[in-house]
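One structure is given here, and the rest of the page talks about it.
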Amino acid sequence: MKNFIITGTSRGLGKALAKALIAENHRVFCISRKKDQELVEVAEKKPGSLEFFEFDLGDHKNIRNLMEEIFEKMNFAAADGVYLVNNAGVLAPVKRLEDCRDEEILNNLHVNLAGPLILTSAFIRHTQGFKGDKRVINISSGAGRKPHYGWSNYCAAKAGVNLFTQSVGLEQDKSQHPVKILSLAPAIMDTKMQEEIRSSDEKDFQELEKFKNYKKEGKLFAAEAVAEKVKELLLTGNFEQGELMDVRDLF
């Protein structure tokens, strides 16, 4: 049996990925601020199993306790793979940096960067003695490589995700039973985050019309299609240790 820990499973890519995995005989641990009842009902009819942990990754002080709880529920003797997908993310605040409140800045960094760092640290520690397949996929963004007006917090966090992925990759190359780690830009998907972007104020986000046109012109990827590519990378895909990848290269 393969065990998957996925964050941000109440919508978008995380939800689509959880659905795809529970359709097969896998065990999925979902971390979201709220339980998604649709996923629970889908899991009841599928061969895989699902367990929800209602948790806000902004609460960074309790992430290690959460991971302790999850790993206590895993049966390593029956597992042939353990996987972590750091998918949860927040875009806000969308505005010039000087207009951001301190608490907005900190929440963005806690969810988008500190959370994945702590989760990955705990994952590596808990699986050090496990000799089966171990992988971490960090869902990054093109914003981690390119600046956007009004997205200083989000861009900084995603750039941090990319570099911490590369650094952990170097560290794991020296490990006896290494965790393979990848940072994946998931393309522009038709999700709630895109709705949030399109509802931005143009004075805060100067690329507003361009993002509205992505929707009008049908240029947004379906979350389900991207989830299939993520699943392939988790189960069968080959990637370089610490690689930065764009999912569009897989279509």
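The values are calculated or read from the model by the stated rules, or taken from the named source; none is laboratory data. The model shown is predicted, which means the values in this text are computed figures rather than measured ones. Note: ideal-geometry Cβ built from the backbone for every residue, glycine included; neighbour counts use all protein chains shown.
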* Between a first residue in region 94-106 that is in contact (Cβ under 8 Å) with a residue 60 or more places away in the chain and of a type in the set (A, V, I, L, M) and a second residue that is in a helix (DSSP H, G or I) and surrounded by 15 or more Cβ atoms within 10 Å (Cβ to Cβ), which pairs have beta carbons less than 9 Å apart while being 6 or more apart in sequence or on different chains? -> Val94/Asn153; Val94/Tyr154; Val94/Ile197
* **Yes/no for Lys46 being part of a helix (DSSP H, G or I), out of contact with any Phe, Trp or Tyr (no Cβ under 9 Å at 6 or more places or on another chain) and among the basic types (Lys, Arg)** => no
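Scan region 108-156 for residues that are of a type in the set (A, V, I, L, M, F, W, C) and either outside any helix (DSSP H, G or I) or touching a Gly at 6+ places or on another chain (Cβ under 6 Å) (or both) and jot them down.
Val111, Leu113, Phe130, Val136, Ile137, Ile139, Trp151 - these are the residues of region 108-156 that are of a type in the set (A, V, I, L, M, F, W, C) and either outside any helix (DSSP H, G or I) or touching a Gly at 6+ places or on another chain (Cβ under 6 Å) (or both).
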* Structure fact -> Ile105 passes all but one of the listed conditions (1) farther than 28 Å from Gln241 by Cα; (2) out of contact with any helix residue (DSSP H, G or I) (no Cβ under 6 Å at 6 or more places or on another chain); (3) assigned to a helix (DSSP H, G or I); the exception is number (2)
* Give region 53-73 a look and list any residue that's among the hydrophobic types (A, V, I, L, M, F, W, C) and outside any loop (DSSP other than H, G, I, E, B), or say none. => Phe53, Ile63, Leu66, Met67, Ile70, Phe71
* Restrict the check to region 206-226 and report whether at least one residue is within 19 Å of the chain's Cα centre (by Cα) and more than 22 Å from Phe4 (Cβ to Cβ). => yes
* State the number of residues belonging to region 1-43 that are in contact with a strand residue (DSSP E or B) (Cβ under 7 Å, 6 or more places away or on another chain), surrounded by 23 or more Cβ atoms within 10 Å (Cβ to Cβ) and not in a strand (DSSP E or B). => 9
* **Candidates Leu119, Leu163 - the one that is surrounded by 19 or more Cβ atoms within 10 Å (Cβ to Cβ), under 16 Å from the mean Cα position of the chain (by Cα) and among the aliphatic types (A, V, I, L, M)** => Leu119
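One line per residue, one yes/no per condition, for (1) among the basic types (Lys, Arg); (2) modelled with pLDDT of 90 or more:
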position: Ser140; (1), (2): no, yes
position: Ser152; (1), (2): no, yes
position: Glu196; (1), (2): no, no
position: Ser200; (1), (2): no, no
position: Lys212; (1), (2): yes, no
position: Glu217; (1), (2): no, no
position: Ala223; (1), (2): no, yes
position: Glu228; (1), (2): no, yes
position: Asn238; (1), (2): no, no
* Structure fact -> Among residues of region 77-90 being within 16 Å of Ser49 (Cβ to Cβ) and surrounded by fewer than 18 Cβ atoms within 10 Å (Cβ to Cβ), the residue farthest from the chain's Cα centre (by Cα) is Ala78
* Structure fact -> Out of (1) among the basic types (Lys, Arg); (2) crowded, with 19+ Cβ neighbours inside 10 Å; (3) over 17 Å from the mean Cα position of the chain (by Cα), the one Lys46 does not meet is (2)
* Structure fact -> Checked region 1-45 for anything among the basic types (Lys, Arg) and in contact with a helix residue (DSSP H, G or I) (Cβ under 7 Å, 6 or more places away or on another chain); matches are Arg11, Lys15, Lys19
* Of all residues making up region 138-155, the number that are surrounded by fewer than 21 Cβ atoms within 10 Å (Cβ to Cβ) and under 16 Å from the mean Cα position of the chain (by Cα) -> 3
* Among the candidates Arg135, Arg125, residue that is surrounded by 15 or more Cβ atoms within 10 Å (Cβ to Cβ) and either among the charged types (D, E, K, R) or on the phi > 0 side of the Ramachandran plot (or both) -> Arg135
* Kindly provide the set of residues from region 2-34 that are more than 17 Å from the chain's Cα centre (by Cα) and among the charged types (D, E, K, R), ordered by number. => Lys2, Glu24, Arg27
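Which members of region 204-241 meet the condition of being among the aromatic types (Phe, Trp, Tyr) and in a loop (DSSP other than H, G, I, E, B)?
Phe205, Phe239
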